[in-house]
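> A single structure is presented below for examination.
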Amino acid sequence: MPSLDQVETDTAAVAFGSNRFAVDLYHAVRPSAGNLFFSPLGISTALAMTSAGAAGATAHQFNEALRFMLDGERLHAAFGRLSDQLQRIAGAPVRIAGALWRQAPRRDSGPAGRPLQPQFVGLLQTCYRSAIEDVNFADDARRRINRWVSDRTEGRISELLGELDPEARFILTNAVYFKATWASPFSPSLTRPGRFEGVEAPMMSQRLTAPCWEDERLQALELAYQEGDLGLVVLLPRPDVRFESFERGLTHKAIGAWLDALEPREVELTMPRFQVQSRYELSRSLVGLGLADAFDRGQADFSEIDGTRELFLSQVCHQTWVEVDEQGTEAAAATGVEAAAACVMPEAMVFRADRPFVFLIRDRASGAILFLGRLVSP
């Protein structure tokens, strides 16, 4: 049995690696237009589940592309503990669920009839509390899987999967749901129409003491949630800094330094009430990050799943939804992986988020970034 120190170190290593992957993936999807919002922890967890069935060069590429800092069972046990830790927060603001959907046994001897390796199934059940469900991919699987995702995201994500390959062997799904209230709520009576990049938007306002930091290029502020050690961090470039330039310079190290520099201070805060929905098919982005063999029919090695080298990934679907209002934040994310055959000033800091910014939701206890995004249009 691992010591308490090792458990804490391994959980921190998983969170650290997931955060590095978060910034890598942000840059991979950044060229797309408009708002962005995704759950790096949700995607990392789904792909970690998938990596449990990988071997050889495919397994190595998972470790490199996903920034895993642990190997084998330690990695999967640490992901499971982090998930459990987040879900034990008082008030249950975070819910994480996973499921493996496998083709029900058929009478023929084709690939879809082969049993999954007991060690793979056992690891998903033990470390990820993942349900194992038999479905018919040629019939009702899409409806059942989408209903499962909808139920676990309070209906915020109802159509994660579109058309399925009838020869699909298995699909792994992961859902993350978050709903928390501000420790210091905004008063709806103070919300007024305002301008955000020249477009009218409802702007919320309040004066409060909050962790913040600023320099000549950036203002950073964290709004605490009532539940647990959770917070929404807003990274706001100065008006004379081009947002695209700021984004290009984002690194895991820089974000970590900004978060470490946050100190409580009086703030005059104005920010938009907003809602963002995003949908991604991440296979091309993941190949660009180095996870190439997994999507290559001739190179993929998922022999730890069913004992053959016939499986490969065909798509990784990720869908998100977030709403930030006067009372707090509600967010949801779901991932489906398918395989087919500073300077402190005494006066109040003015923080007016009326232009594009990067934002993230994090758990301060573990350091894990649950969600990461940008707002360019409320």
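> What distance in nm separates the simple spin-label points at residue 119 and residue 8, each placed 7 Å from Cα in the Cβ direction?
With each label placed 7 Å out from Cα toward Cβ, I get 3.2 nm.
> Just order 208-214, 183-189 by mean Cβ neighbour count inside 10 Å, highest at the front, would you? Don't jump to the answer; show the numbers that get you there.
Working: 208-214: 19.7, 183-189: 13.9.
Listed from highest to lowest mean packing, they are 208-214, 183-189.
> What's the long-distance tail for segment 258-308, i.e. % of Cα pairs beyond 15 Å? Spell out each step's value before the answer.
Details: 941 of 1275 pairs.
Counting pairs separated by more than 15 Å, the tail of P(r) holds 74 percent.
> From the Cα trace of segment 122-257, what convex hull volume per residue do you get, rounded to a whole Å³?
Values: hull volume 29.7 nm³, N = 136.
Convex hull volume per residue, Cα atoms: 219 Å³.
> Something else about it: Determine one quarter of the surface area of the Cα convex hull of the chain, which equals its mean projected area, and express it in nm² to one decimal.
Numbers: hull surface 75.2 nm².
Reported value for the Cα convex hull: 18.8 nm².
> Give me the one-decimal Kirkwood hydrodynamic radius in Å for segment 1-79, with the sum taken over alpha-carbon pairs.
Numbers: mean 1/r = 0.0749 Å⁻¹.
It is 13.3 Å.
> Considering the alpha-carbon set of segment 35-84 alone, what are its Rg and its Dmax in angstrom?
Cα only, segment 35-84: 11.3, 37 Å (Rg, Dmax).
> How big is the dipole moment of segment 44-107 about its Cα centre under a simple scheme where the beta carbon of each Lys and Arg is +1, that of each Asp and Glu is -1, and everything else is neutral? Debye, nearest 20, please.
My answer is approximately 340 debye.
> Expressed as cubic angstrom per residue, what is the convex hull volume of the alpha carbon set of segment 14-56? It would help to have the intermediate numbers written out before the result.
Numbers: hull volume 3.8 nm³, N = 43.
Spelled out: Cα convex hull of segment 14-56, divided by residues, is 88 Å³.
> Between beta-carbons, use under 14 Å as the cut-off and find the net charge around residue 287, counting Lys and Arg +1, Asp and Glu -1.
On the way: positive: 284, 297; negative: 24, 64, 281, 293, 296.
Combined, the nearby Lys, Arg, Asp and Glu give -3.
> Roughly how many nanometres apart are two label points built 7 Å out from the Cα toward the Cβ at residue 241 and residue 254?
0.7 nm
> Quick check for me: using +1 on Lys/Arg Cβ and -1 on Asp/Glu Cβ, what's the dipole size of the chain about its Cα centre, in debye to the nearest 20?
Values: 39 positive and 49 negative charges, 80 e Å.
Its charge dipole is roughly 380 debye.
> Something else about it: Relative to the compact globular guide of 2.2 N^0.38 Å, what is the alpha carbon radius of gyration of segment 306-363, as a ratio? If you can, show how the numbers build up before the last one.
Numbers: Rg = 21.2 Å, N = 58, 2.2 N^0.38 = 10.3 Å.
Taking N as the residue count of segment 306-363, the ratio is 2.06.
> Starting from the Kirkwood radius over alpha-carbon pairs of segment 1-155, derive D by Stokes-Einstein at 25 °C in a medium of 0.890 mPa s and give it in µm² s⁻¹. Walk me through the intermediate numbers first.
Numbers: Rh = 17.4 Å.
It comes out at roughly 141 µm²/s.
Throughout, read-outs are computed from the coordinates displayed, never taken from laboratory work. All of these numbers come straight from a predicted model, not from anything done at the bench. Positions of Cβ are generated from backbone atoms using ideal geometry, with glycine treated the same way; all protein chains shown enter the neighbour counts.
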